[in-house]
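Worksheet for the structure shown next.
The values are calculated or read from the model by the stated rules, or taken from the named source; none is laboratory data. Because the structure is a prediction, the values reported are computed rather than measured. Reconstructed Cβ throughout: ideal geometry from the backbone, glycine too, with neighbour counts over all protein chains shown. These accessible areas exclude ligands, DNA and RNA; they are computed on the full protein's heavy atoms, side chains included. Shrake-Rupley method; radii C 1.70, N 1.55, O 1.52, S 1.80 Å.
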Amino acid sequence: MCHACVMENVKSNMLSRRALFRGIAGAGAVAAVASAPAPLFAQSAAPAKAHDLTHELYDKFPTYFGAQQFWMDQKFSHAKDTFNLFEWRLSEHTGTHIDAPLHFTADGKSVAELPVEDLVGPLVVIDIRAKAAENPDAQVTPEDLKAWTDANGPIPDGAVVAMNSGWSAHVATDKFRNLGADGKTMHFPGFHVDAIKQLLEGSTKAIAVDTLSLDFGQSPDFIVHNTWLPAGRYGIEGIANLDALPAKGATIVVGAPKVKGGTGGPARVFALV
């Protein structure tokens, strides 16, 4: 083969390989964009303020079943031992707390197994205070989600969707549990399962409520728990101070406890605005 022919063959092969590499690189870029995780922060600039979304936990904090679920036993005192130390005993689902998928599944993720990136995300606040004031059995419905998106645009990818029913204001009173005339059935707001099914179609990481349960108080079957948690998502119950936040634009940070095998646990939750 002539020298010129060899050179032309080499050039042709090099150009073909360059084109192949460009194609691979382009496909890789497309794949990277397609698989890119949702942004963790709602803000494009540094937030200016932090808001605490956590109730202070104490021994008489209201509970779903009514009985005490938190105790503190002082083991050392500053007066006697020069330092203070308490031993705690508590139910996982007390105060402002997490419901991990394991809470309503046989083998779902424990609270320790929640990915840390799922504990930070854009916060969506669905305001149902007006209808909850008229009806304590009010629920977040698909219509409420539509009203939010009509006013604010699509729910952000990887969001935490929170119900603001105004119930947080009742936390120190009997109205927080709000027992009915039968002395057994509670009446407080929660999510409707149809809204949950709609959120499951997207990438919402968690739902949050300012009441004792993801389900409304008189739910007979925990249908929201049984639909949301087995899908690998988690919940936050007893969230506080949502009134101080905008409907969109805040970033929520969930300080979930990292307890091996835990089905949930008290959490320090805050929002950056």
* What tally of residues in the range 49-84 results from selecting those that are over 23 Å from Ala256 (Cα atoms) and of a type in the set (A, V, I, L, M)? -> 2
* **Members of the range 117-132 found to be within 11 Å of the chain's Cα centre (by Cα) and outside any helix (DSSP H, G or I), listed by number** => Val120, Gly121, Pro122, Leu123, Val124
* To do: State whether the residues of the range 68-88 include one that is touching a strand residue (DSSP E or B) at 6+ places or on another chain (Cβ under 6 Å), within 28 Å of Gly232 (Cβ to Cβ) and not polar (S, T, N, Q).
  => no
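Condition check ((1) under 30 Å from Asp157 (Cα atoms); (2) charged (D, E, K, R); (3) open to solvent by less than 70 Å² (accessible area, probe 1.4 Å)) across all residues:
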{"residue": "Lys49", "(1), (2), (3)": "yes, yes, no"}
{"residue": "Ala67", "(1), (2), (3)": "no, no, yes"}
{"residue": "Phe70", "(1), (2), (3)": "no, no, yes"}
{"residue": "His78", "(1), (2), (3)": "no, no, no"}
{"residue": "Phe86", "(1), (2), (3)": "no, no, no"}
{"residue": "Pro115", "(1), (2), (3)": "yes, no, yes"}
{"residue": "Ile128", "(1), (2), (3)": "yes, no, yes"}
* **So Asp243, is it of a type in the set (Asp, Glu) and in contact with a strand residue (DSSP E or B) (Cβ under 9 Å, 6 or more places away or on another chain)** => yes
* Asked: Do the conditions hold for Asp182, that is, is it acidic (Asp, Glu) and not in a loop (DSSP other than H, G, I, E, B)?
  -> no
* To do: Output the number of residues of the range 189-211 satisfying the condition of being open to solvent by less than 20 Å² (accessible area, probe 1.4 Å) and of a type outside the set (Asp, Glu).
  => 12
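Rundown of residues vs (1) open to solvent by less than 50 Å² (accessible area, probe 1.4 Å); (2) under 16 Å from His55 (Cβ atoms); (3) among the basic types (Lys, Arg), yes/no style:
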position: Ile236; (1), (2), (3): yes, yes, no
position: Ile239; (1), (2), (3): yes, yes, no
position: Gly249; (1), (2), (3): yes, no, no
position: Lys260; (1), (2), (3): no, no, yes
position: Arg268; (1), (2), (3): no, yes, yes
* In this structure, is Ala27 over 25 Å from Gly238 (Cβ atoms), of a type in the set (A, V, I, L, M, F, W, C) and either open to solvent by less than 70 Å² (accessible area, probe 1.4 Å) or modelled with pLDDT of 95 or more (or both)? -> yes
* Please find, among Asn135, Asn164, the residue that is within 21 Å of Thr251 (Cα to Cα) and either more than 12 Å from the chain's Cα centre (by Cα) or open to solvent by 40 Å² or more (accessible area, probe 1.4 Å) (or both). => Asn164
* To do: Restrict the check to the range 173-188 and report whether at least one residue is more than 20 Å from the chain's Cα centre (by Cα), buried (at least 18 other Cβ atoms within 10 Å of the Cβ), among the hydrophobic types (A, V, I, L, M, F, W, C) and under 21 Å from Ala271 (Cβ atoms).
  => no
* Here are some conditions: (1) exposed (fewer than 12 other Cβ atoms within 10 Å of the Cβ); (2) out of contact with any Phe, Trp or Tyr (no Cβ under 8 Å at 6 or more places or on another chain). Asp59 meets all but one. Which one does it not meet? -> (2)
